[in-house]
Amino acid sequence: MRDCGKCNACCIIFPISEIKKERNTKCKYLDGSCTIYATRPKTCSSYDCSWLKGNLMENERPDLSGLIVTNSIIESVGPVSTVHVVYEDLIEQGTIGSLLLNRLIKEENEIVMFQKLTGNVSVLGRPENIKNFMAKAVEVREQRIQ
Ligand code: SF4
Ligand code: SF4
């Protein structure tokens with residue numbers, strides 16, 4: 001496992017219900033690093049972004065790429081990469097962030113849930129991947145309704 005180093009992107013972007021922290025707001029306990037590290041909420045201590053797990057390149061750390069990538073699996077539907085924008089200026093064309101996003105979108109069997117700072121979410125990926133993903137999602141929803 002890597003070390004977060006100077007990154008504290010998830011302490012800004014994510015809502016943390018235990019400490020009533022809203023999304024896109026710097027945590028009140030963040031002062032360079034977490035000032036309550038030993039007793040931080042479980043939501044914080046249990047979170048590892050994709051970069052921290054070693055799934056992205058060294059220079060794609062969220063504070064450098066402007067993107068937090070989280071890998072997860074939606075039951076019966078498949079793997080998803082959720083990508084949160086942290087710093088919009090870092091994802092302009094030709095930057096590390098834009099190259100990272102383009103790579104994820106083009107990857108085989110990859111579905112990207114792309115969340116902007118406004119909170120708007122877009123589903124990105126190869127057209128065939130999106131089609132398969134949506135079909136499976138509808139199938140799962142119908143099975144749950146029956
Ligand atoms: S976004 Fe990832 S690398 Fe950055 S502080 Fe959070 S877990 Fe660590
Ligand atoms: S409590 Fe600590 S780890 Fe959790 S969001 Fe705040 S600064 Fe980050």
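The values are calculated or read from the model by the stated rules, or taken from the named source; none is laboratory data. All values derive from a computational prediction rather than experimental measurement. FYI the Cβ positions are ideal-geometry reconstructions off the backbone, even for glycines, and counts take in every protein chain you see.
Test Gly66 against the criterion of being surrounded by fewer than 19 Cβ atoms within 10 Å (Cβ to Cβ) and within 14 Å of ligand 1 (Cβ to nearest atom), and give yes or no. Can you show your working first?
Working: surrounded by fewer than 19 Cβ atoms within 10 Å (Cβ to Cβ): no; within 14 Å of ligand 1 (Cβ to nearest atom): yes.
For Gly66, the condition - surrounded by fewer than 19 Cβ atoms within 10 Å (Cβ to Cβ) and within 14 Å of ligand 1 (Cβ to nearest atom) - is not met.
Can you pull out the residues in region 72-105 that are within 16 Å of ligand 2 (Cβ to nearest atom) and touching a Gly at 6+ places or on another chain (Cβ under 6 Å)?
Answer for region 72-105, where residues must be within 16 Å of ligand 2 (Cβ to nearest atom) and touching a Gly at 6+ places or on another chain (Cβ under 6 Å): just Val86.
Across region 83-113, what is the total count of residues that are more than 18 Å from Asn132 (Cβ to Cβ) and touching a Ser or Thr at 6+ places or on another chain (Cβ under 7 Å)? Before you say what the answer is, go through the steps one by one.
Keep residues of region 83-113 that are more than 18 Å from Asn132 (Cβ to Cβ), which gives 83-103.
Those left that are additionally touching a Ser or Thr at 6+ places or on another chain (Cβ under 7 Å): 90-92, 96-97, 100.
Total meeting the criteria: 6.
Restricting attention to region 13-29, report how many residues are assigned to a helix (DSSP H, G or I), β-branched (Val, Ile, Thr) and more than 9 Å from ligand 1 (Cβ to nearest atom). I'd like the intermediate steps shown before the answer.
In the first step, residues of region 13-29 are kept if they are assigned to a helix (DSSP H, G or I); the result is 13, 17-19.
Still in the list and also β-branched (Val, Ile, Thr): 13, 19.
Subset that is more than 9 Å from ligand 1 (Cβ to nearest atom): 19.
Total meeting the criteria: 1.
So which residues in region 13-24 are surrounded by 14 or more Cβ atoms within 10 Å (Cβ to Cβ) and more than 8 Å from ligand 2 (Cβ to nearest atom)?
First, the residues of region 13-24 that are surrounded by 14 or more Cβ atoms within 10 Å (Cβ to Cβ): 13-14, 16, 19, 21, 24.
Correct list: Ile13, Asn24.
In region 30-53, is there at least one residue being in a helix (DSSP H, G or I), more than 12 Å from ligand 2 (Cβ to nearest atom), surrounded by 15 or more Cβ atoms within 10 Å (Cβ to Cβ) and modelled with pLDDT of 95 or more? If you could, list the steps in order and put the result at the bottom.
Here is the first cut: in region 30-53, the residues in a helix (DSSP H, G or I) are 37-39, 42-45.
Among the residues that remain, those that are also more than 12 Å from ligand 2 (Cβ to nearest atom) are: none.
No, because not a single residue in region 30-53 is in a helix (DSSP H, G or I), more than 12 Å from ligand 2 (Cβ to nearest atom), surrounded by 15 or more Cβ atoms within 10 Å (Cβ to Cβ) and modelled with pLDDT of 95 or more.
Being assigned to a helix (DSSP H, G or I) and touching an Asp or Glu at 6+ places or on another chain (Cβ under 7 Å) is the filter here, so list the residues in region 1-12 that pass it.
Listed by number, the list is empty, since nothing qualifies.
I want to confirm something. Restricting to region 66-100 and keeping residues that are among the hydrophobic types (A, V, I, L, M, F, W, C) and more than 21 Å from Phe14 (Cα to Cα), which single residue is modelled with the lowest pLDDT? Spell out how you get there, then give the answer.
In the first step, residues of region 66-100 are kept if they are among the hydrophobic types (A, V, I, L, M, F, W, C); the result is 67-69, 73-74, 77, 80, 83, 85-86, 90-91, 96, 99-100.
Checking the rest, the ones that are also more than 21 Å from Phe14 (Cα to Cα) come to 77, 96, 99.
Working: Val77: 78, Ile96: 95, Leu99: 95.
Among residues in region 66-100 that are among the hydrophobic types (A, V, I, L, M, F, W, C) and more than 21 Å from Phe14 (Cα to Cα), the one modelled with the lowest pLDDT is Val77.
When you check Glu60 against the structure, is it closer than 19 Å to Val85 by Cβ, crowded, with 19+ Cβ neighbours inside 10 Å and among the charged types (D, E, K, R), yes or no?
Details: closer than 19 Å to Val85 by Cβ: yes; crowded, with 19+ Cβ neighbours inside 10 Å: yes; among the charged types (D, E, K, R): yes.
Criteria met by Glu60.
State whether the residues of region 19-42 include one that is in contact with a Ser or Thr (Cβ under 9 Å, 6 or more places away or on another chain) and under 30 Å from Val140 (Cα atoms).
Scanning region 19-42 turns up no residue that is in contact with a Ser or Thr (Cβ under 9 Å, 6 or more places away or on another chain) and under 30 Å from Val140 (Cα atoms).
Let me spell it out: the conditions are (1) within 14 Å of Asp63 (Cα to Cα); (2) touching a strand residue (DSSP E or B) at 6+ places or on another chain (Cβ under 6 Å), and Gly5 meets all of them except one. Which number is the exception?
With respect to (1) within 14 Å of Asp63 (Cα to Cα); (2) touching a strand residue (DSSP E or B) at 6+ places or on another chain (Cβ under 6 Å), Gly5 is out only on (2).
Could you please find all residues in region 105-131 being out of contact with any helix residue (DSSP H, G or I) (no Cβ under 7 Å at 6 or more places or on another chain), touching a residue at least 24 places away in the same chain (Cβ under 8 Å) and within 15 Å of Val77 (Cα to Cα)?
Met113
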